[in-house]
Amino acid sequence: MRSITVAVLCAAICGAAGAAAEEKPVLLKQAPGRDKVETNCAVCHTLDYIVMNSPFLNAAGWDAEVSKMINAFGAPIGPTDAKIISDYLKSNYGRDARG
């Protein structure tokens with residue numbers, strides 16, 4: 001029974017790894033601040049979240065999201081970089097983006 005469980009787990013892991021290998025990387029819009037977003041945000045999660053949330057978040061939403069990542073989840077982002085990241089997200093993604 002144990003060997004069957006191990007085999008099933010191995011198959012699931014291998015299948016998930018194969019699916020992940022076929023994913024296309026997210027290419028964020030080229031604009032000032034992109035390097036800070038890629039460097040800081042991708043450390044903890046995929047950049048897909050930016051694209052997925054863009055239809056829902058406005059400027060205040062992006063500010064709150066960056067603040068949440070720092071204050072609730074402990075992202076080690078200083079105030080200067082946090083402003084750059086928020087400005088990039090507000091300017092390039094979201095309901096009221098210019099870009």
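Selection of region 55-85 for residues being modelled with pLDDT of 95 or more, of a type outside the set (A, V, I, L, M, F, W, C) and not in a helix (DSSP H, G or I) yields N58, G74, P76, G78. Filtering region 68-99 to residues that are without any contact (Cβ under 8 Å) to a residue 40 or more places away in the chain and surrounded by fewer than 14 Cβ atoms within 10 Å (Cβ to Cβ) leaves K68, N71, A72, F73, G74, P76, G78, P79, T80, D96, R98. Whenever a residue of region 28-54 is part of a loop (DSSP other than H, G, I, E, B), its partners that are basic (K, R), lying with C-beta atoms within less than 6 angstrom and at least six residues away or across chains, give the pairs L28/R34.
Which ones in region 78-93 are over 13 Å from N40 (Cβ atoms) and under 14 Å from the mean Cα position of the chain (by Cα)? So that I can check it myself, show each step before the final result.
From region 78-93, those over 13 Å from N40 (Cβ atoms) are 87, 90-93; that's our starting set.
Within region 78-93, just Y93 meets the criteria.
Selection of region 28-43 for residues being out of contact with any Lys or Arg (no Cβ under 7 Å at 6 or more places or on another chain) and either of a type in the set (A, V, I, L, M) or modelled with pLDDT under 95 (or both) yields A31, V37, A42, V43.
The values are calculated or read from the model by the stated rules, or taken from the named source; none is laboratory data. Since the structure is predicted, the reported quantities are computational estimates derived from the model, not experimental observations. Neighbour counts run over all protein chains shown; Cβ positions are idealised from the backbone, glycine included.
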